[in-house]
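Any read-out appearing in this document is the output of simple, stated calculations on the displayed coordinates, not a laboratory observation. Since this is a predicted model, take the numbers as computed values, not measurements. Here the Cβ positions follow ideal geometry from the backbone for every residue, glycine too, while neighbour counts run over all protein chains shown.
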Amino acid sequence: MQDFLRLTLDEAAPQPVSGECAHFRWRWLAVGVLTFEPLMPVDRALVLSAGLHGNETAPVELLDKLLQRLMQGEIRLQWRVLVILGNPAALRADRRFVDYDINRLFSGRWRDVPSCSETARAAALEKRVSDFFAAGEERIRWHLDMHTAIRGSYYPRFGVLPARARPYDEGFLHWLGCAGLEALVFHQTPGGTFTHFTSATFAALSCTLELGKARPFGSNDLSQFNQAAQALAALLGGEALPVANAPRRYRVAGQLIRHSEAFILHMADSTLNFTPFPRGTLLAEEGETRYEVQHDIERVLFPNPHVAPGLRAGLMLVEIT
Ligand SMILES: [Zn+2]
């Protein structure tokens, strides 16, 4: 198959749309959606996505290189795989999104906002993932959704995991350490992310991977992403993994919601992700309401004083010991 990234940016289909290599069949399903099926039966299925945010190009390039290695027969595939480039229109425009942040629209939330490019894409991706998992009987289901962050971070590489009724499999968390993640953040409530959708709907082990800083196509220092790329290749081929980090673990202890124009976030624009604040610190206020740190130490994730009213201006984290 020709260059999948190029085809996706051109909104074109490969010719032919399917084929067979030494170890697997591949099939192009739609713009930015491709599936791989090993010729020998396997007991694991993986959704591998990137480019939900169109300006986060490094994971898209990483994924593209991985696909080239697969197609050249360098990796002996041990998983059934669904590859997704999440938001082709935003990738073309080199923007986070065209009309709406698609990673707030999953689990049917696309029905709650006026229809646009992203609502259609979220609905289509939900259907693709549903068909993919329905087509197999694998015991093990994973979803890795790769991003890069806008702001700097105390931990440049970290994972955000959706709320889940059952504990996470330690093998899965170990792999995230092998991929170079330095911190893991566990959500406690449902959200509109792609990973929450796959976790809640298909009981997949799902993680949103933040792999570094967002830059345009061609300007990425891909060496920064080497460990994640190696861990992915090893995962797909069932080979030895890179040495694991032992990521710090945090749970989401609270959210700062901007309800109105009166909301003031007491953090500079340059505040790093995971910046710690001691008990009693005034984080934000809105009229009579004051948001103060309730635990000995809380760290902020994704602080954003400029969000529209009704949206989240930051998550507060507490370390799990
Ligand atoms: Zn992102």
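Once you have a ≥ b ≥ c as the square roots of the Cα gyration tensor eigenvalues for region 248-321, tell me rounded if a/c is under 1.5, and otherwise prolate or oblate according to whether a/b is larger than b/c. It is prolate, given that a/c is not under 1.5 and a/b is the larger ratio.
With a/c under 1.5 counting as rounded, go ahead and sort region 85-131 into rounded, prolate or oblate using the C-alpha gyration tensor (a ≥ b ≥ c being the square roots of the eigenvalues; past the cut-off, prolate if a/b is larger than b/c, else oblate). Intermediate values should be presented prior to the final figure.
Working: a/c = 2.28, a/b = 1.30, b/c = 1.75.
Cα axes put region 85-131 in the oblate bin.
Which value, in Å to one decimal place, does the Kirkwood hydrodynamic radius take for the chain when every pair of different Cα atoms is included? After inverting the mean inverse Cα-Cα distance, the result is 20.3 Å. Between the amide H of Ser153 and those of Asn273, distances stay under 5 Å, these residues lying 5 or more places away or on another chain, with hydrogens modeled in the peptide plane.
Per-residue 3J(HN,Hα) values for region 173-188, derived from phi via the Karplus relation 6.51 cos²θ - 1.76 cosθ + 1.60 with θ = phi - 60°, read 5, 4, 4, 4, x, 4, 6, x, 6, 9, 8, 10, 10, 9, 5, 10 Hz in sequence order (x marks Gly and Pro).
Computed 3J(HN,Hα) for region 194-204, one whole-Hz value per residue from the Karplus formula 6.51 cos²θ - 1.76 cosθ + 1.60 where θ = phi - 60°, is 4, 5, 5, 4, 5, 5, 6, 8, 10, 6, 6, glycine and proline marked x. Using only side-chain charges placed at the Cβ, +1 for Lys and Arg and -1 for Asp and Glu, the dipole size of region 4-237 relative to its Cα centre rounds to 140 debye. Label positions at Glu239 and His266, each projected 7 Å from the Cα along the C-beta direction, are separated by 5.3 nm.
With θ taken as phi - 60° and the Karplus curve 6.51 cos²θ - 1.76 cosθ + 1.60 applied, the whole-hertz 3J(HN,Hα) list for region 243-252 is 4, 7, 6, 10, x, 5, 10, 10, 10, 6 Hz, x standing for glycine and proline.
How do 247-255, 49-57 rank on mean C-beta neighbours within 10 Å, highest first? It would help to have the intermediate numbers written out before the result.
Values: 247-255: 17.7, 49-57: 25.1.
Going from most to least packed, we get 49-57, 247-255.
Between the residues Met267, Ile297, Leu315, the greatest Cα displacement towards the positive end of the dipole of region 253-319, with unit charges on the Cβ of Lys, Arg, Asp and Glu, is found for Leu315.
For Gly254, the residues whose modelled amide H falls within less than 5 Å of its own, excluding neighbours fewer than 5 places apart on the same chain, are Met316.
Averaging sequence separations of C-alpha pairs under 8 Å and six or more residues apart, then dividing by the length of region 178-321, give the relative contact order as a whole percent.
Dividing the mean separation by the residue count of region 178-321 yields 25 percent.
Taking 0.36 nm per residue of separation and subtracting the Cα-Cα distance, full extension of the segment from Ile297 to Leu282 would add 4.1 nm. Here Ala30 and Gln230 are evaluated by their C-beta separation; at R0 = 22 Å the FRET efficiency comes out at 0.15. Computed over the chain, relative contact order equals 16 percent, with contacts defined as Cα pairs under 8 Å that lie 6+ residues apart. Taking amide H atoms as placed 1.01 Å from N in the peptide plane, the amide H of Arg248 lies under 5 Å from those of Ala183, Leu184, each 5 or more residues away in sequence or on another chain. For region 1-122, the calculated P(r) over all alpha carbon pairs, in 10 Å bins from 0 to the bin holding the longest distance, is 13, 42, 31, 13, 1 percent.
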